Amino acid sequence: MNTLSLLLSAVTFASVWPMSGTSTPDVIQDPYGPRTLSGVYDYHRGVDFWGKLGDPVHAVADGVVVRMQTAEENAGTGLQSFGNWVLVEHAPLADGTPLHTAYLHLYTFDVVVGDTLLAGSPIGTINSSGVDINTDHLHLNLYYGLSGTLINKRRSVSPWRILPNPGLDEVVLEIVSDTTIHFGARISELDLVRVEVTGRGAGTGKNKQTFDFIDFETEEGLCGDNPECEGVRVIPDDFYSFDEWATWDVVFTTVGPITGACLYDVDGLVEVVGKGCPASGGGKN
């Protein structure tokens, strides 16, 4: 587990779901990480929650409103897809690193900059505001280490790190061929962040081991909005609101016949098949 994961796993403030405003889980429309959007591969740096026009949105944790903008203010900028949106600053990580959540595609606002919020406080209502946004939903981002209130997509991590976590760990991990693994999680526990594989690579000695991985948060092993690069191809299964599971296939041509795989969520290792993997955080061979 890397330093950031350790710091985030130590976050202890009380949190709620953004749509219900309580510990009752919301319906997820799209997961964090690689997804298929209208039949096209896309890298998604947040979690989308299902709703209908005018449904209320709530702060997921105590914080202060530090930025808000309208769709008109964002037009023609790098944030034009955000629509009407709000940025909330929360208690920092143990090392002082700032922590923020952003609430996108709003319809109306219930806050102004400077407001102090409690977990569950109303922020606004949802809409489909923003360029190329076609459905009413809330997109939630979690950012660490922002410079002031400037948005940096590379500082995005899984919102599951601070959402109420039922800890069910209902996951699937399978080696389906020499080059392909299949993994996923039940929607109620969709906090997966990393998968690793080992294999028998070319070289001297029959026990030579090779290693590769993809990481949803650091984007290591991924190629932005390109599903394939450096011998790895990510294939998200179609995902629909009210599905029970979200799953991915990943083809690794980088390790030889796959002999083991390991799956991690925001709390650490959750599933191992075959011969397992080196400790999380190792580099590519």
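No value in this document is a laboratory result; all are computed from the given coordinates. All of these numbers come straight from a predicted model, not from anything done at the bench. Cβ coordinates were reconstructed from backbone atoms using ideal geometry, including for glycine residues, and neighbour counts include every protein chain displayed.
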Legend entry - Candidates V176, V251, V64: whichever shows maximal mean-square fluctuation once the chain is modelled as a Gaussian network with Cα springs under 10 Å: V176
Inset, instruction - Could you compute the FRET efficiency for S128 and R154, with r as their C-beta to C-beta distance and R0 at 30 Å, rounded to 0.05? - result: 0.70
Legend entry - Percent of Cα pairs exceeding the 16 Å cut-off, where the set is the range 171-274: 57 percent
Legend entry - Difference of contour (0.36 nm per residue) and Cα-Cα distance, S147 to N165: 3.7 nm
Legend entry - Cα gyration tensor shape for the chain, rounded if a/c is under 1.5, else prolate or oblate: prolate
Legend entry - FRET efficiency for A94 and S177, using Cβ-Cβ distance with R0 set to 30 Å, rounded to 0.05: 0.10
Legend entry - GNM top mover of T97, T12, T210 - the chain, alpha-carbon springs below 10 Å: T12
Inset, instruction - Determine the gain in length on full extension of the stretch T12-D243; use 0.36 nm per residue of separation and subtract their C-alpha separation, reporting nm with one decimal. - result: 80.2 nm
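Quick one: net charge around Y143, please, counting Lys, Arg +1 and Asp, Glu -1 for every other residue with C-beta under 14 Å from its C-beta.
Combined, the nearby Lys, Arg, Asp and Glu give +4.
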Inset, instruction - Could you check which residue among S129, S121, S177 shows the biggest mean-square fluctuation in a GNM of the chain with a 10 Å Cα cutoff? - result: S177
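Net charge within 9 Å of G51 by Cβ-Cβ distance, Lys/Arg positive one each and Asp/Glu negative one each, not counting G51 itself?
Working: positive: K52; negative: D26, D55, D136.
Summing Lys and Arg as +1 and Asp and Glu as -1 gives -2.
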Legend entry - Whole-angstrom gap from the range 20-94 to the range 153-200, using each part's C-alpha centre: 21 Å
Inset, instruction - Compute the signed sum of charges (Lys and Arg +1, Asp and Glu -1) over the other residues within less than 9 Å, Cβ to Cβ, of I181. - result: -2
Inset, instruction - Could you pull out the trypsin sites (Lys or Arg not before Pro) across the range 43-136 that fall in loop regions by DSSP (anything but H, G, I, E, B) with no more than 11 other Cβ atoms inside 10 Å? - result: K52
